[in-house]
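This report refers to the structure that appears directly beneath it.
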Amino acid sequence: MIVILDFGSQYSELIARRIRETQVYSEVLSYRTTIEQLKKLNPAGIILSGGPSSVYDAGAPQCDPGIWQLGIPVMGVCYGMQLMVQQLGGGVERAERGEYGKASIAIDDPTDLLTNVDPGSTMWMSHGDSVTDMPDGFELLAHTDNTPCAAIANHTQKFYGVQFHPEVVHSIGGQAMIRNFVYHICECQPTWTTEAFVDEAVREVRARVGDKRVLLALSGGVDSSTLAFLLHRAIGSQLTCMFIDQGFMRKGEPERLMKLFKDQFHISVEYVMARERFIGAIAGVDDPEQKRKIIGHEFIRVFEEESKRLGPFDYLAQGTLYPDVIESADTNVDPKTGERVAVKIKSHHNVGGLPKDLQFKLIEPLRKLFKDEVRNVGRSIDLPEEIVNRQPFPGPGLAIRILGPVDDEKLNILRDADLIVRQEINKAGLYNDIWQAFAVLLPVRSVGVMGDQRTYAYPIVLRIVSSEDGMTADWARIPYDLMEIISNRIVNEVDGVNRVVYDITSKPPGTIEWE
Ligand code: XMP
């Protein structure tokens, strides 16, 4: 295992993902991790991440200097390199000119860390401070026009420092460096594979659960579907899957999900028909937050009732993923109060969002995985691509894509329009390039003309965005011809719609969903 000590860099998670791409397991831990904790983990190597501080700032984050005596390879990236240099007695200063963006590296020593990295390779730089004096025992591996020490090494002790970010895609040869570090320097074996994960997860679940019963709320997404499969393999009929049909899924989705589990996986799922309850609970509700809260509460009520009916259960399985559990540096701390700051924009609800006081012990077999790793596990167990690659879909579903009060008529209109959007985006081969593509129904009506008839009907908004992680997004520049096909089909095929508009707002200031 390779441990990444996080000093608040936006790229720490990315380093972990790049290492895992080499089939070596890697974890992100806080820079405050103690030597005792590190020794227990017994990593083959440590990476010190970048970070927003300067090593000379008062209170700049420091790792325990004991790591230099552990006798294992360490690589510092950006801030991590500067910290290494400072702790080992070298010099770091504010550079005359910072370096931001792409820089071409000249290689002084093409062996070791830089094996298979071409001279002149572009690397991604983002720093204001620079190493001016290498600690004793260090040698220069590479420099750039603005940065005399772009990569350095103490070959004897296996300490390495790079000023650039090998983990970002713009760094050509960055992945080769990571492979060199992981395989040649830390001497790791490629043991982190999908098959190995599945075997280990199955073993762990069996050992933990024994002969007890586990409940899983299935949502139809890749996380809960993969989880259901894993748990079923581990404990068979001790697992009960429950699918609560709130009535806000897309056209045909509940039926397809039930059929898939029954026919292909031979896993029985308790189907809970709750459509009327949910639509009744939000009838006439206009305010988006109110709507989200009511749906969330109703979900918990139905869940509690049904788990009592089907239970008792000892464990509740949840599809928690690694990004939710990363123990990273507290970069969002309010300097005055010392409290973590999080600005709430919307109340999120999903099947994982159950209250903590439910009488279950949690079981979370996916908590080590990134989303793309869950997808790989999903593929390895033959989950169909439509689930493996499903675009994100909010817990409250179509209810937050109908602005204002929701009723059956509007749900039917939106389901039909949404299906056309998905079909055409798929047909154009764009589904996997786009973060989300969906329809939103506005509760206003406008005048149109069809045949010789005046129409007075709803508009559909096309919301099609590209994004890396849903935190920021841009409207997708899909071809006009495709817009035309979607617009024509919706207006012609969906009763109650006479106008289609394209949302050209990025996030921020817009959000992806409309409510
Ligand atoms: P916004 O609209 O805040 O959405 O830009 C960001 C991403 O989150 C999804 N989303 C949700 N996911 N439960 C979820 O599981 C929710 O309540 C929820 N609301 C929004 C949204 O689809 C987008 O991908």
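Worth a mention:
- Boolean, Cys188 is within 22 Å of Asp372 (Cβ to Cβ) and either at pLDDT below 95 or not basic (Lys, Arg) (or both): yes
- Restricting Leu83, Leu41 to residues that are in contact (Cβ under 8 Å) with a residue 12 or more places away in the chain, crowded, with 18+ Cβ neighbours inside 10 Å and at negative phi narrows the list to Leu83.
Listed here are the residues, each with its yes/no results for (1) closer than 21 Å to Lys410 by Cβ; (2) at pLDDT below 95; (3) open to solvent by less than 80 Å² (accessible area, probe 1.4 Å).
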site: Phe229; (1), (2), (3): no, yes, yes
site: Phe248; (1), (2), (3): yes, no, yes
site: Asp286; (1), (2), (3): yes, no, no
site: Tyr322; (1), (2), (3): no, yes, yes
site: Ala329; (1), (2), (3): no, yes, yes
site: Thr337; (1), (2), (3): no, yes, no
site: Arg340; (1), (2), (3): no, yes, no
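- Residue count, the range 462-486 (criterion: more than 16 Å from the ligand (Cβ to nearest atom) and surrounded by fewer than 18 Cβ atoms within 10 Å (Cβ to Cβ)): 8
- Among the residues listed as Ile244, Ile279, the single one being buried (at least 21 other Cβ atoms within 10 Å of the Cβ) and at pLDDT 95 or above: Ile244
- Residue match in the range 425-441 (condition: at pLDDT below 95, open to solvent by less than 50 Å² (accessible area, probe 1.4 Å), within 16 Å of the ligand (Cβ to nearest atom) and hydrophobic (A, V, I, L, M, F, W, C)): no
- Candidate set from the range 389-409 (those that are assigned to a helix (DSSP H, G or I) and open to solvent by 10 Å² or more (accessible area, probe 1.4 Å)); member that is nearest to the ligand (Cβ to nearest atom): Asp408
- Any chance Ala274 is open to solvent by 20 Å² or more (accessible area, probe 1.4 Å), at pLDDT 95 or above, touching a helix residue (DSSP H, G or I) at 6+ places or on another chain (Cβ under 7 Å) and over 19 Å from Arg390 (Cβ atoms): no
- Subset of the range 196-208 that is out of contact with any helix residue (DSSP H, G or I) (no Cβ under 7 Å at 6 or more places or on another chain) and in contact (Cβ under 8 Å) with a residue 40 or more places away in the chain - its residue that is surrounded by the most Cβ atoms within 10 Å (Cβ to Cβ): Arg208
- Test for Val497: is it within 19 Å of Ile400 (Cα to Cα), of a type in the set (A, V, I, L, M, F, W, C) and away from the ligand (no atom under 11 Å from the Cβ): yes
- Filtering the range 497-515 to residues that are open to solvent by 30 Å² or more (accessible area, probe 1.4 Å) and not aliphatic (A, V, I, L, M) leaves Arg499, Tyr502, Thr505, Ser506, Lys507, Pro508, Pro509, Thr511, Trp514.
Let's see how each residue does on (1) free of Cβ contacts under 8 Å to residues at least 40 places away in the same chain; (2) out of contact with any helix residue (DSSP H, G or I) (no Cβ under 6 Å at 6 or more places or on another chain):
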{"position": "Gly128", "(1), (2)": "no, yes"}
{"position": "Val168", "(1), (2)": "no, yes"}
{"position": "Cys186", "(1), (2)": "no, yes"}
{"position": "Gly210", "(1), (2)": "yes, yes"}
{"position": "Arg213", "(1), (2)": "no, no"}
{"position": "Ala217", "(1), (2)": "no, yes"}
{"position": "Phe229", "(1), (2)": "no, yes"}
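The values are calculated or read from the model by the stated rules, or taken from the named source; none is laboratory data. Computed from a prediction, not measured in an experiment: that's the story for all the values here. With ideal geometry, Cβ positions are generated from the backbone for all residues, glycine too; neighbour counts draw on all protein chains shown. For accessibility, only protein heavy atoms count, side chains too; no ligands or nucleic acids. Shrake-Rupley method; radii C 1.70, N 1.55, O 1.52, S 1.80 Å.
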